[in-house]
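The structure appears below as structure tokens.
The values are calculated or read from the model by the stated rules, or taken from the named source; none is laboratory data. Model, not experiment: these values are computed from the prediction. In this analysis, Cβ positions are derived from the backbone assuming ideal geometry, glycine residues included, and neighbour counts consider all displayed protein chains.
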Amino acid sequence: MSQPEYVFASVEDQREVERLQAIERECDPASRRRLGATGLTTGWSCLEVGPGAGSLMRWMADKVGPSGQVCAVDLSTKFLPAQRPPHVEVRQADIRTVSLPRASFDLVHARYVLIHLPDYEVALSKMLAALKPGGWLVLEEPDFSASRGVAGDAAQLASIRRINQAIRFMYETRGMDYAVGLKLLPLIQARGLNDLAMEYDAPWSEGGSGMARMMAMSAVQLRDKYLATGLVTEADVENYRRFAEDTSSRAVYYATVAVMGRRPS
């Protein structure tokens, strides 16, 4: 359960905060829509797991207002804003072991968290235990098995295939599931949640788009880990970066699987 399990541990801080902010720009609109669909409103108590650079934490705080509460839990809180309203609590902790009040949150949300945990069901149990009766769980996780280059030159497409193989290998050798998003719906269904909903979002992204730039940032940060798999070369990493910048390229970088369900009242 130590922090080094996280694939983005021990990366360069400035580049990492830029990567987290790129994720927020790309993914927050869909996340806000999904969270809003729960009925999120003034006075709610919310748990944000893995807040990253904090954009959704701040957005939730605005939604619930001073009469509500937002608790954010992350292994590292160094990228979160130092100035926070009184109704926002930040805890540097592991969601699998942190002590949380039982049945106390109207909404629990995590985005791209479970993929980094070999024992993600432990984290899921902790989140479910924190939900009030009638409370909502919203999870968003990737499915990297959807990743593929669609249009580009032959050398770039070959590098994309090898990088995608390295991503799978990198996660699997750490005991992590690179397609964990596909497990979400049956997992929460088996745990007895009601009002289930699921979205599978696997857009084609052109080079130079927000998604492409975000994935190029990830490749730079994870370069050494990709190379350590023995499946890719320096040239593959460079081809991946150039592919992501080439406006004529097209790829499905990954799919996001989003599920939501409600704890029985």
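Things to note:
- Residue 265 passes every criterion in (1) surrounded by fewer than 20 Cβ atoms within 10 Å (Cβ to Cβ); (2) closer than 24 Å to residue 6 by Cα; (3) modelled with pLDDT under 95; (4) of a type outside the set (Val, Ile, Thr) apart from (2).
- For segment 172-195, a tally of residues being within 20 Å of the chain's Cα centre (by Cα) and within 17 Å of residue 140 (Cβ to Cβ) returns 13.
- Verdict on residue 144 being hydrophobic (A, V, I, L, M, F, W, C), surrounded by 18 or more Cβ atoms within 10 Å (Cβ to Cβ), touching a residue at least 24 places away in the same chain (Cβ under 8 Å) and within 20 Å of residue 22 (Cβ to Cβ): yes
- Among the candidates 153, 195, 119, the residue that is out of contact with any helix residue (DSSP H, G or I) (no Cβ under 8 Å at 6 or more places or on another chain) and modelled with pLDDT under 95 is uniquely 153.
- Inclusion of residue 182 among residues that are within 19 Å of residue 120 (Cα to Cα), surrounded by fewer than 19 Cβ atoms within 10 Å (Cβ to Cβ), in contact with a strand residue (DSSP E or B) (Cβ under 6 Å, 6 or more places away or on another chain) and in contact (Cβ under 8 Å) with a residue 60 or more places away in the chain is warranted.
- Out of 61, 82, one residue alone is of a type in the set (A, V, I, L, M), at negative phi and not in a loop (DSSP other than H, G, I, E, B). It is 61.
- Evaluating residue 19 against the criteria (1) surrounded by 21 or more Cβ atoms within 10 Å (Cβ to Cβ); (2) closer than 30 Å to residue 216 by Cβ; (3) touching a strand residue (DSSP E or B) at 6+ places or on another chain (Cβ under 6 Å); (4) not polar (S, T, N, Q) leaves one unmet condition, (3).
- Restricting segment 113-127 to residues that are surrounded by 18 or more Cβ atoms within 10 Å (Cβ to Cβ) and not β-branched (Val, Ile, Thr) leaves a set whose member that is nearest to residue 48 (Cα to Cα) is 127.
- Filtering segment 220-262 to residues that are out of contact with any strand residue (DSSP E or B) (no Cβ under 8 Å at 6 or more places or on another chain), among the aliphatic types (A, V, I, L, M) and surrounded by fewer than 21 Cβ atoms within 10 Å (Cβ to Cβ) leaves 220, 222, 227, 228, 231, 235.
- Residue 96 being surrounded by fewer than 18 Cβ atoms within 10 Å (Cβ to Cβ), within 25 Å of residue 257 (Cβ to Cβ) and not small (Gly, Ala, Ser): yes
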